[in-house]
1. Find how much the distance from LYS214 to HIS122 grows on full extension, using 0.36 nm per residue of separation minus their present alpha carbon separation; answer in nm with one decimal.
2. Please state the Cα pair-distance histogram of the stretch 120-215 with 10 angstrom bins from zero: what percent is in each bin?
3. So how compact is the chain: Cα radius of gyration and Dmax in angstrom?
4. Based on DSSP H runs of at least 4 residues, each adding -39500 (n - 2.57), what is the mean residue ellipticity at 222 nm of the chain after dividing by all its residues, to the nearest 500 deg cm²/dmol?
5. Please find the FRET efficiency linking ARG238 to LEU206, where r is the Cβ-Cβ separation and R0 is fixed at 30 Å, and quote it to the nearest 0.05.
6. Divide the volume of the convex hull of the Cα atoms of the stretch 349-448 by its number of residues and quote the answer in cubic angstrom per residue.
7. Per residue of the stretch 300-308, in order, report the coupling 6.51 cos²θ - 1.76 cosθ + 1.60 (Karplus, θ = phi - 60°) as ³J(HN,Hα) in whole Hz, putting x for Gly and Pro.
8. Regarding the stretch 169-283, what is the average projected area of its C-alpha convex hull, in nm²?
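Each reported figure results from applying straightforward, stated rules to the coordinates on display, with no laboratory input. Quick caveat: nothing in here was measured; it's all calculated off a predicted structure. So basically every Cβ, Gly included, is an ideal-geometry build from the backbone, and we count neighbours across all protein chains shown.
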Amino acid sequence: MTRDITKGNPTKIIIFFTIPLLIGNIFQQFYSMADTLIVGRTIGVNALAAVGCTGSLMFLILGFSQGLTAGFSIITAKCFGAGDNQGVRHSYAASIILSLIITIFLTIISVMLARPILVIMHTPPEIIDDAYNFIIIIYWGIIVSMLFNLFSNVIRALGDSRTPLIFLIIASIINIALDFLFILVFSMGVSGAALATTISQGISALLCFIYIRKKMPILKLCKDDWHLSKEILWEHIRMGLPMGFQASIIAIGAIILQFSLNNLGEVSIAAYTAAQKIDALAIQPMMSFGITMATYVAQNYGANKIERIRIGIRQCSIISVGFSIIIGMFNILAGHWMIKLFVGNNQPKVVSLAQVYLNINGAMYFLLALLFIYRYALQGLGQSFAPTLAGIMELCMRTFAAIILSKYLGFAGVALANPLAWIGSCIPLGIAYYFTQKKLYGSKEPISISEK
């Protein structure tokens, strides 16, 4: 089922599009949260630390696939908003071809380099084997992650944010059940947690594919749709690769941060892991509103409804910042109770350090809300330079926190990495949005989607 979001009340459309997206993103977090919670409570703190220290390595590759396919889907949404059905099919075909080619390359490289990178990161010897056993299974399953992100992003690009939610709920339930089965019954340890995540995500990808085949006739590809010009492929590469690299740039900063964290010991790693899972769940409203902006802006830009874009961005910013303040206060006041879900009541040092992370990050969530709005709005307009520059700024700030602040402030210095990265990222995004806004709304002629 497709939905045209270039008509109707912008605020209402944004909220109703975001709600399923938000619930879906929360359930997607259950993939990793269930692994972390079950591993921490059933296997132990060292196993928790092993899974946690692979987080940045997972995001390096899986985040790239999310960004890549999201970039492809912006082209799809633009064509749909413009009423170009053939363009929609060509975009879908190009996305499939490019995704499969890039998946092969990513799988080979990541599997080959998994253990060497863990060694370079100074992963403690007590947890390096478990860390490798976890991440290698995730890397072999890159194909299912890529396909799920591709299919779900295409469905959202056509205005349907509810269906991916349903499939995510199903996959999350399967993931949790398989976690218990593989870890508690089959005693597979952290490998079982990774296998459960991969299988459940594969099921969600299959469900999305079946839905597209049966319910979205606009995406029914014929032989001619696979005959793609170099211009079409290049347009998708130009949009998808920068968005993928943005996620990878952020992940590189996280890897550098993990390097410093590993030098602080297992307790700090476990605290960071538990706090990061809570943090990842807390930021989902802000992220969901941002992702909504990409589809909303792309469809309306394709339909040349410029004033509608401005209204949507303004209203979405107000709502998202409001959410960020409420969620930040909740993490600050009640974070320690949630941390104990991961580590139990007998790890006071872990709880104390994790609360430091939640306090520092929660107080700055409003910046993250604006970051997501500006980044995804610019991407929806087809711009890639400013968001990529913002990613580089995030890398620089996280590197500063990892090398300098962690040396003098310890765990608190590591916890400051995210807020500093958000500040650094908001600077180029805010400037780019200001000038883009003047250009868009100050001219009667719409700028080209390829303009930067």
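1. 28.2 nm
2. 17, 38, 27, 15, 3, 0
3. 21.1, 65
4. -27500 deg cm²/dmol
5. The value I calculate is 0.50.
6. 86
7. 5, 5, x, 8, 6, 9, 5, 5, 5
8. 11.2
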